[in-house]
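Undergrad: Next up is a structure, given as structure tokens.
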Amino acid sequence: MPGTEPTARRTLYPPAGYRLATSVRPLTFSPYDPCARIAAGTLWWATRTPDGPATLALRPEAGHLVAEGYGPGADWVVHQADALAGLRDDLTGFAELAAAHPVVADLAARHRGLRLPTSGQVFPRVFRAILEQRVTGKEAYRAYAATVRHFRTEAPGPMQPLLLPPEPAAVAATPYWAFHPLGIEQRRADTLRRAAAVADRLERCADSAEATRRLKAVPGVGPWTAAEVVRVAYGDPDAVSVGDYHVPNTVAWALAGEARADDARMLALLEPFRGHRGRVCVLLAAAGITAPKFGPRAPIRSFARF
């Protein structure tokens, strides 16, 4: 069957204690993500590269990692495989910063095999982040999966059904009302279309700082969305999701025993870890730490039925 055999291959050598599934989980939206999933210990990641569509299979084997690429962009994804696995993640200085707080020091030790991945791609991440704006996780995932299937393009390789992220040009050309049946109201649809229209410029950003500036220049994209994008697209360990509903409370509870906090308090508590503030938030999430919950949960809605 054409396209079921890899056309590029590479062997990677992670550090002792490295954990693949934990490190690459930010590349997936859920266990059922139509574009990326972890199955039988292997990451399958489909994307659009400068050379064309591609799928990366990344699996542990006898103490190392094997990266295999499928499709026209196979060489590109295999070259990027070490970054996607988090093996380019720079932890310089973090051990000294972590040692200053017992909770962070403990998390750093218990999750020493966790590395921050770098996808090297902005639009697939901004596509997801925009759909996560101001809705529950379930609402966001439903809209994300529905949109991927609406623009359905099968990814190369043997893992089927695996789909490619939507083509930015196709998203930009789609009227806002066509997103409504997918569970996306006009505000997010318009933001998504605007980001898609400048996707080429976003992909050409030299670093996380430039990408953050350009992202925030897109109407509807604020600090939260920009941080969610650059933390994965650039592997930025300092990106903090300001404006998140839960993260300030989690940080305050973990670091100061305070059940509630605003963004200013969160940033003050994270300041001693500057350079790795986002990494601290990732470690808190990996440990499952959450602040006490009060009041009713947010309702799960369906914009497609409005």
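Undergrad: Nearest 500 deg cm²/dmol is fine: what mean residue ellipticity at 222 nm does the chain get from its DSSP H runs of n ≥ 4 alone, each adding -39,500 (n - 2.57), divided by its residue count?
TA: Calculated at 222 nm, the ellipticity per residue is -11000 deg cm²/dmol.
Undergrad: Could you go through segment 28-37 in sequence order and give the Karplus-derived ³J(HN,Hα) for each residue, using 6.51 cos²θ - 1.76 cosθ + 1.60 with θ = phi - 60°, rounded to whole Hz, and x for Gly and Pro?
TA: Going residue by residue, I get 10, 8, 6, x, 10, 3, x, 9, 7, 7 Hz, with x marking Gly and Pro.
Undergrad: Where the only charges are on Cβ atoms (+1 Lys, Arg; -1 Asp, Glu), what is the dipole of the chain about its Cα centre, to the nearest 20 debye?
TA: Dipole about the Cα centre, nearest 20: 800 debye.
Undergrad: Can you pull out the trypsin sites (Lys or Arg not before Pro) in segment 106-195 whose DSSP state is coil and whose Cβ has at most 16 other Cβ atoms within 10 Å?
TA: ARG112, ARG134, ARG152
Undergrad: Per residue, how much accessible area does the chain show when a 1.4 Å probe rolls over the protein heavy atoms, in square angstrom?
TA: Ligands and nucleic acids excluded, the figure is 46 Å² per residue.
Undergrad: Further question on the same structure: Compute the distance from the alpha-carbon center of segment 185-247 to that of segment 162-184, in whole Å.
TA: Centre-to-centre (Cα) distance: 18 Å.
Undergrad: Then there is this: Report the charge-dipole magnitude of segment 44-150 in Debye, nearest 20, computed about the Cα centre from +1 at each Lys and Arg Cβ and -1 at each Asp and Glu Cβ.
TA: In debye, rounded to 20, segment 44-150 gives about 520.
Undergrad: Another question, if that's okay. Rg and Dmax in Å for segment 122-220, alpha carbons only: what are they?
TA: 13.6, 40
Undergrad: Using only the Cα atoms of segment 174-299, build the gyration tensor, take square roots of its eigenvalues as a ≥ b ≥ c, and label the shape rounded, prolate or oblate: rounded if a/c is under 1.5, else prolate if a/b is larger than b/c, else oblate.
TA: Here segment 174-299 falls in the oblate category.
Undergrad: Right, next: I need the semi-axes of the equivalent ellipsoid of segment 68-166: take the C-alpha gyration tensor, multiply each eigenvalue by 5, square-root it, list largest first in whole angstrom.
TA: 32, 21, 11
Undergrad: Considering only the other residues whose Cβ falls under 12 Å of the Cβ of ALA74, what net charge follows from Lys and Arg at +1 and Asp and Glu at -1?
TA: Net charge around ALA74: -2.
Undergrad: If you average the sequence gap of Cα pairs under 8 Å that are 6 or more apart and divide by the length of the chain, what percent do you get for the contact order?
TA: It rounds to 17 percent for the chain.
Undergrad: Write down the radius of gyration of the chain and its Dmax, each obtained from C-alpha positions, in Å.
TA: 19.2, 58
Undergrad: For the chain, which whole-number percentage of the solvent-accessible area (1.4 Å probe, protein heavy atoms only) is attributable to carbon and sulfur atoms?
TA: Carbon plus sulfur share of accessible area: 56 percent.
Undergrad: At a threshold of 8 angstrom on Cα-Cα distance, excluding pairs fewer than six apart, so keeping six or more, what relative contact order does segment 45-88 reach in percent?
TA: Answer for segment 45-88 is 33 percent.
Undergrad: I need two numbers for segment 117-177: Rg to one decimal and Dmax as a whole number, Cα atoms only, in Å.
TA: According to the Cα coordinates of segment 117-177, Rg and Dmax are 12.4, 36 Å.
Undergrad: Another one. Calculate one ³J(HN,Hα) per residue across segment 20-27 by plugging θ = phi - 60° into the Karplus curve 6.51 cos²θ - 1.76 cosθ + 1.60, and present them in order as whole Hz with x for glycine and proline.
TA: Karplus values, whole Hz, x for Gly and Pro: 5, 4, 5, 6, 8, 4, x, 7.
Undergrad: Just need the relative contact order of segment 8-91 here, percent rounded to a whole number, with Cα pairs under 8 Å and 6+ apart.
TA: Reported relative contact order: 30 percent.
Undergrad: Using the Cα gyration tensor of segment 8-91, with a ≥ b ≥ c the square roots of its eigenvalues, what is the shape: rounded (a/c below 1.5), prolate (a/b larger than b/c) or oblate (neither)?
TA: oblate
The values are calculated or read from the model by the stated rules, or taken from the named source; none is laboratory data. Predicted model only: the values in this text are computed from it and were never measured. Neighbour counts are summed over all protein chains in view; Cβ atoms, including those assigned to glycine, are modelled from backbone coordinates with ideal geometry. In case anyone asks, the SASA skips ligands and DNA or RNA and just uses the protein heavy atoms, side chains included. Shrake-Rupley method; radii C 1.70, N 1.55, O 1.52, S 1.80 Å.
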